[in-house]
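The values are calculated or read from the model by the stated rules, or taken from the named source; none is laboratory data. This is a predicted model, so every value here is computed, not measured. With ideal geometry, Cβ positions are generated from the backbone for all residues, glycine too; neighbour counts draw on all protein chains shown. When the accessible area is computed, the model is the full protein with side chains, heavy atoms only, and any ligands, DNA or RNA have been set aside. Shrake-Rupley method; radii C 1.70, N 1.55, O 1.52, S 1.80 Å.
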Amino acid sequence: MGSRTAHVMTLDACPFKCTFCSESIQVSKRPTRFAVSETEHVAQRIEQLVDWGTEAAFFDDPVFWGGNWKAITDFCHDLARLRARNPQSRSFEWGAQLTVDVVLNRAKAQEVHEALDLMRENGCTYVYIGIESMAQQVMRNVGKNLLRRNPEAWVSKVREALSTIRDHGIRVGSSVLFGLDGENRDSIEETIEEIGRLIDDGLLVMASPNILTYHPGTAITAAHGQDRLDYHSRKDNRPPYTYFEEAYPEVVSRLLDEDDIWFIHEVSAKRWGSTRNSAAESATPVGA
């Protein structure tokens, strides 16, 4: 049985510019830096949650503390002081979302490694990362925070980032998104197989397959001419769409037909085995 888990946010927008994401600051128009100096306040909130009987927490920030490693480090120090004075908090576990290039920030490599150690020492047991695709032809179109100072191939960067987190004693789960620009049956097969290899090598404890859903205001929604979709009626929801979170026939990627979606469901289930989560399962297995 899982832990009693609270969901917490320190930021409600993402500083990056992925074409598909409704949490991007370009779409939300919300600030992303207001909470960076409020690490102690968030730690106090965690203490309150512990006092209420919460056993774990997942930080639903699109990127934990906006990818600011100083804020992450400060927060961990605040948690350490909490754990020192409150015995109940010492068994408290938590997880958060990061990105590949935030983890592989070469300019702050030492800071990253020290922060990951602090995260683990202060209760972090799980990190969730959006891999999206393992096909270079897809990733070149996504607008993800692919740092120019770190231009290696995406597949090798994903593997390095996951290895880095695992080497600090933290489990990693991932989101995989099918239907982005450049997607075809070959790229689908490539992604399913490459994710399977990461699972085989013990780098992923969970892989969540998702189908691109058009969200209002995103770049990819506009580029695909889908601004006037009906986001409210769900008249025709059925398999294979029901096997994926948010995947309704009216609003999924125009680059995928129903046969493609059946293929993604069936082949990922076979290749990824029990590591593949279903639409009904949580992507945040903190404390599991």
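Among the cysteines of the chain, those whose beta-carbon sits 4.7 Å or more from every other cysteine beta-carbon are 14, 76, 124. At full extension, residue 7 and residue 238 could sit 80.2 nm farther apart than now, given 0.36 nm per residue minus the alpha carbon distance. Each peptide among 11-19, 127-135, 216-224 gets the average number of other Cβ atoms lying within 10 Å of its residues, and from highest to lowest they stand as 127-135, 11-19, 216-224. Placing unit charges on the Cβ atoms of the charged side chains and taking the dipole of the chain about its Cα centre, the candidate lying farthest along the positive direction among 57, 80, 275 is 80.
To the nearest µm²/s, what D does Stokes-Einstein give for the range 42-151 at 37 °C and 0.692 mPa s, using the Kirkwood radius over alpha carbon pairs as Rh? Estimated diffusion coefficient is 217 µm²/s.
Projecting the Cα atoms of 188, 11, 155 onto the charge dipole of the chain (Cβ charges, centred on the Cα centre) puts 11 farthest toward the positive pole. Each of residue 137 and residue 201 was given a label point 7 Å from its Cα along the Cα-to-Cβ line. The distance between the two points is 2.3 nm. Taking the Cα centre of the range 157-261 as reference, the dipole from Cβ charges on Lys and Arg (+1) and Asp and Glu (-1) amounts to some 420 debye. Electrostatic tally near residue 76: other residues with Cβ closer than 13 Å to its Cβ, Lys and Arg +1, Asp and Glu -1, net -3. Here the chain has 47 percent of its accessible surface on carbon and sulfur atoms, given a 1.4 Å probe and all protein chains in place. By the rule of a C-alpha distance below 18 Å, with chain neighbours fewer than 8 residues away ignored, the aspartates and glutamates paired with residue 17 are 60, 61, 101, 132, 181. Note that the chain shows a convex hull volume over its alpha carbon atoms of 131 Å³ per residue. Net charge dipole, the chain: roughly 660 debye, given to the nearest 20, about the Cα centre with Cβ charges of +1 for Lys and Arg and -1 for Asp and Glu.
Between 156, 208, 89, the residue with the greatest mean-square fluctuation in the GNM of the chain (Cα pairs under 10 Å linked by springs) is 156.
Restricting to DSSP H runs of at least four residues, report the calculated mean residue ellipticity at 222 nm for the chain, -39500 (n - 2.57) per run over all residues, nearest 500 deg cm²/dmol. Result for the chain, helices only: -11000 deg cm²/dmol. Listed by number, the DSSP H helices of the chain that run 27 Å or longer by alpha-carbon position along their axis and have mean Kyte hydropathy of at least 1.0 come to an empty list. When you count the other C-beta atoms within 10 angstrom of each residue and take the mean per peptide, 94-105, 162-173 line up highest first as 94-105, 162-173. Here the peptides 251-257, 81-87 are ranked by packing, the mean other Cβ count within 10 Å, and the order with the highest first is 251-257, 81-87.
Each Lys and Arg Cβ is given +1 and each Asp and Glu Cβ -1; about its Cα centre, the range 68-149 then shows a dipole of about 180 debye. Note that the range 78-154 presents 43 Å² accessible area per residue, ligands and nucleic acids not counted, probe 1.4 Å.
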